[in-house]
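The values are calculated or read from the model by the stated rules, or taken from the named source; none is laboratory data. These numbers were taken from a predicted model, which means no experiment stands behind them. Counting neighbours? That spans all protein chains shown, and the Cβs are built from the backbone with ideal geometry, glycine included. Side chains included, ligands, DNA and RNA excluded: accessible areas come from the protein's heavy atoms. Shrake-Rupley method; radii C 1.70, N 1.55, O 1.52, S 1.80 Å.
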Amino acid sequence: QVQLVESGGGLVQAGGSLRLSCAASGRLFSSYAVGWFRQAPGKEREFVATDGWSGGGTKYADSVKGRFTLSRDNAKNTVYLQMNSLKSEDTAVYYCAARFLAPSLRFLEYDTWGQGTQVTVSS
């Protein structure tokens with residue numbers, strides 16, 4: 001099983017960019033799909049992006065498509081979420097999560113989570 005640690009959150013103005021990192025420890029990281037989710041105050045945790053989709057692709061929520069990019073470096077056991085053109089509605093705690101072999105859009109189907117990193121976008 002892997003363990004996950006996120007980093008890279010912070011405060012940014014609307015229109016700015018941030019890159020989040022999800023560093024994994026443990027074996028067989030390349031066999032895990034990694035998803036990003038976010039949770040704003042008073043709201044349910046929502047899907048943002050995942051890799052391993054349809055045999056190796058990446059799936060994005062409609063709200064971030066064209067602005068966020070997920071990438072992976074298996075040599076470094078790290079998954080990244082590049083976030084551009086940030087909006088105030090992107091403000092949330094961002095979590096990465098791992099699921100063995102198959103990705104999912106549903107956060108309940110992931111059993112390994114990082115601690116989360118706060119992203120705040122000021123308008």
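Worth a mention:
- Among the trypsin sites (Lys or Arg not before Pro) in the range 1-96, those located in a DSSP loop and surrounded by at most 15 other Cβ atoms within 10 Å of their own Cβ are R27, K43, K65, R67, K87.
- Using the Cβ-Cβ distance between Q13 and K43 with R0 set to 30 Å, the FRET efficiency from 1/(1 + (r/R0)^6) comes to roughly 0.85.
- Accessible surface for the chain, divided over its residues, is 51 Å² per residue with a 1.4 Å probe.
- Residue-count net charge about R106 - beta-carbon cut-off 14 Å; Lys, Arg +1, Asp, Glu -1: -1
- Across the accessible surface of the chain, with the other protein chains kept in place and a 1.4 Å probe, carbon and sulfur atoms take up 48 percent.
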